[in-house]
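Right, one structure below, let's go through it.
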Amino acid sequence: MNGAQEPGFFEMKAPFNLLWLQSAGCGGCSMSLLCSGARDLIGALEAVGIRILWHPSLSEASGAEVTRIFEQCLSGEVALDALCVEGALLRGPRGTGRFHRHAGSGVPMAEWVMKLAGVARHTLAVGSCAAWGGVAAAGENHTDACGLQYEGDQPGGLLGAGWKGRGGLPVINIAGCPCHPDWITETLAALALGAFGAKDLDSLGRPRFFADHLVHHGCTRNEYYEFKASAHKPSDLGCLMENLGCKGTQAHADCNIRLWSGGGSCARGGAPCISCTEPGFEEPGHPFHETPKLAGIPIGLPTDMPKAWFVALAALSKSATPKRVRDNAVADHQVVVPPVKKTGLK
Amino acid sequence: MTRIVVGPFNRVEGDLEVTLEVKDGVVAEAWAGSPLYRGFEQILRGKHPMDALMFAPRICGICSVSQSMAAAAALADAMGLAPAPNGRITRNLAHAVENVADHFTHFYLFFMPDFARAEYAARAWHARAVERFRAVRGSAAADVLPSRTAFLGAMGTLVGKWPHSLAIQPGGVARALEASEKIRLFGLLRDFRRHAETVLFNDALEAVAALDSAAALVRWAAERPRGDFGAFLEIADDLALARLGRGVDRFMCYGNYPQAESQFLPGGVWDGQLRALDAQAIAEDISHAWLDGETRHPAQGVTRPQDEKAAGYTWCKAPRLAGLPMETGALARQAVAGHPLARDLVAGEGANVRSRVVARLLEIAVILPEMERWAQQLVPGEPFCAQGELPQEGAGVGLVEAARGSLGHWLRIEGGRIANYQIVSPTTWNFSPRDADGTPGPLEQALVGTPAGEGNLAVQHVVRSFDPCMVCTVH
């Protein structure tokens, strides 16, 4: 600890001051954070040097005391190491930002965010609203919502494409709707320990430790996927990709490795992955529960698989599907269980 | 007269700004402002009706399952679909897990930390409140968050994850529980019961649920230390919280937790006597909201932002039942359901800071044992999801109870698409602005007469006693 001279050792900066703002979102990423499996969430953050200056759901300070904390950060009296923004930034109506005024000060929230990001060492978009605009930007985007540094998949957003924080990094996009509690705590810990750099971000600014995986990885429906034994209706056990809209083979996240809420995930709950870590997920151009197809073949194929190969393999594997897999795929519980062999497994 | 603007109001879910006119140290008039508009009702128009299941939970990160339940109920209503019994029970369990977790979160993280503030340093209980409830640093945070997480861990088994699950369906849930999962679930519920019985009540849940009058509650609290509930009751007595934040004393409940033939918590109105709920008598007034249009029933409601409207001071509409503001929440639910303690509290000193908090904790004691019963009613192997067809033209209503009160979704389908979708949330009722007659909303009325000014936290207690969820309020 604190022994930067030895390779691999962390350079902990304590205190690492954290300010959390809620912009136009649902608060779900904060609620998800509180589901951290840590023995003591606040203590676990403190243990790596993180001090919460203010969080809207947790802190004592209210009203004018809060505005005072903002001002102390702006004047440099208090060092702001991490600014976490949850929720989209609303620029409407007509560029006024009045769809979201910060309570108490009357100033549009987007203005506070811009000012505070200017003094923060690192700025983090917590959730897909803050990263890309997300659900707030759905439909015709009536509120002119955007992310901190993206508008959908287009660089720009509130702060601009070339923006970098004082620590030299662009906005760190902890995407997800909501994001997993560990994605937040592990990104913050890495920053506080001086163990996070530009190489740790993917091309959309997401921490690679979760974004370098696909939701498909670790999915319990993988045997059904292998044989293209597909679910047809909600509660079927089969693969959700062919008919029910699942984007797990394309979406970047480790949801089926890390697991949620005591061992679940969307797919384990029987729900398709809607690729909520990806920009623009809120407007897929088709109903969320249906897979768009062309000539009977899903349009959204696995990220890096040529279509002809997919079609050929699908045809082959469908013809080789064991009865067990085929029957279970369209049932809500196993109707045929794997046979127990009489001889030792080879 | 001095005018005070209080905000940002934290430890409520979302953005709240309260404006107070203070005369001789007490609030003469109050205005509740919701300064955030996201426009879900506009977003949903034109979408496939089933897309409501993706958008609705994202209205709110803390009432996420409640929003899913209302959307699923509205869709099922439009489809004429009854859920599979297992699906109904699983949804009730997921909904109750969220509601109980929300009561827990509200009590420990949002409400109690105010008593640890330096303003109360002279009180006999202050040092204990600091040790236990101080925001972020109190021992309760380290104690309560892991048990809340473990309890919400039931969501992984029930609906995949929390918040924001797409597993909640019109016909039930998209996941069938196996026999071993039924056992795991039951164990999780029993484990949380143990935590509540030792830390929160220092008594059996059944004993708390059986308290049948205000006097019985006082006797119970005096018998021996009563955990964190007891700590609250002591503070409430010392600060006379029962005389703070008197509401409109008209209580509404839509009904919740459907059983085979009835609802575990019935719908209705309590204003000294029990009345049937007429959902057709609901109307949303927009005279003081930054919105265009006129007063309408939500089935015909419109949402058109107009930020330059001079009479506006909030994005929140003003729902009224037969023209009257209503209070919703745990106290309303328990009063309507006829719980003798809730009825007696309401008959005595009405809705106030103390009775609202008591009702919330009482509800934990009432619901948890019921959840254990429900979990045992699951029949693995039987269907968890009934299948139905959406009509090309149709309408549906979904009325449920979130932790903080009555939540309704009104859906109209035309040409297979959502033609209109209106959402009326609990805090829309409780924190509604004035209506066209100038009648203030429930919070606005509850704040009148509250001591206010530098160093006085009474306004904070009144506001938080409603457990407001502002992201739901305006959506």
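Please treat every number below as a calculation from the coordinates, not as lab data. This is a predicted model, so every value here is computed, not measured. With ideal geometry, Cβ positions are generated from the backbone for all residues, glycine too; neighbour counts draw on all protein chains shown.
In the stretch A:245-311, Cα pairs under 8 Å separated by at least six residues give a relative contact order of 38 percent. Among the residues of B:107-120, the average count of other protein chain beta-carbon atoms within 10 Å of the residue beta-carbon is 1. Residue pairs exceeding 21 angstrom between C-alpha atoms, taken from A:K115/A:K164; A:K115/B:K317; A:K293/B:K161; A:K228/A:K307: A:K115/B:K317; A:K293/B:K161. Between 0 and 90 degrees, the angle of helix A:307-319 with respect to the longest Cα principal axis of chain A falls at about 50 degrees.
The mean sequence distance of close C-alpha pairs (under 8 Å, at least 6 residues apart), as a share of the length of the stretch A:214-332, puts its relative contact order at 35 percent.
Only aspartates and glutamates eight or more places from B:K309 in sequence, or on another chain, were considered; those with a Cα closer than 14 Å are B:D292, B:E294.
Phi-derived couplings, Karplus 6.51 cos²θ - 1.76 cosθ + 1.60 at θ = phi - 60°, listed residue by residue for the stretch A:213-225: 10, 10, 4, 4, 5, x, 5, 6, 8, 4, 5, 5, 4 Hz, with x used for Gly and Pro.
Comparing A:H180, A:H286, A:H216 in a Gaussian network model of chain A where C-alpha atoms under 10 Å apart are linked, the largest mean-square fluctuation is found at A:H286.
For the protein assembly as shown, the antiparallel share of DSSP beta bridges with both residues in that region comes to about 75%.
In the stretch A:27-102, which GluC sites (Glu not before Pro) are in a loop and have at most 12 other Cβ atoms within 10 Å, using DSSP for the loop call? Numbers along the way, then the final one.
Working: sites: A:E46, A:E60, A:E65, A:E71, A:E77, A:E86; in loops: A:E60, A:E77.
Hits after loop and neighbour filter: A:E77.
Shown in residue order for the stretch B:184-189 are the 3J(HN,Hα) couplings computed by the Karplus curve 6.51 cos²θ - 1.76 cosθ + 1.60 at θ = phi - 60°: 4, 4, 4, x, 4, 5 Hz (x for Gly and Pro).
Amide H to amide H distances under 5 Å link B:F264 with B:N256, B:Q259, where only residues 5 or more positions off or on other chains count and H is placed in the peptide plane.
Relative contact order of the stretch B:1-118, taken over Cα pairs closer than 8 Å and 6 or more residues apart, is 16 percent. Taking the Cα centre of the stretch A:278-346 as reference, the dipole from Cβ charges on Lys and Arg (+1) and Asp and Glu (-1) amounts to some 860 debye. Amide H contacts of B:Q169 (H built 1.01 Å from N, in plane; Pro and chain starts excluded): B:A174 sit under 5 Å, all sequence-distant by 5 or more or on other chains. Listed values for the stretch B:319-329 are Karplus-derived 3J(HN,Hα) couplings in whole Hz (6.51 cos²θ - 1.76 cosθ + 1.60, θ = phi - 60°), namely x, 9, 9, 6, x, 10, x, 10, 9, 10, x, and x replaces Gly and Pro.
Please label the shape of the stretch A:16-211 as rounded, prolate or oblate, based on the square roots a ≥ b ≥ c of the eigenvalues of the alpha-carbon gyration tensor (a/c under 1.5 means rounded; beyond that, a/b larger than b/c means prolate, else oblate).
Values: a/c = 1.42, a/b = 1.15, b/c = 1.23.
Verdict is rounded for the stretch A:16-211.
Sparsely packed loop sites in the stretch B:100-200 (the GluC sites (Glu not before Pro) outside DSSP H, G, I, E and B with at most 16 other Cβ atoms within 10 Å) comprise B:E178.
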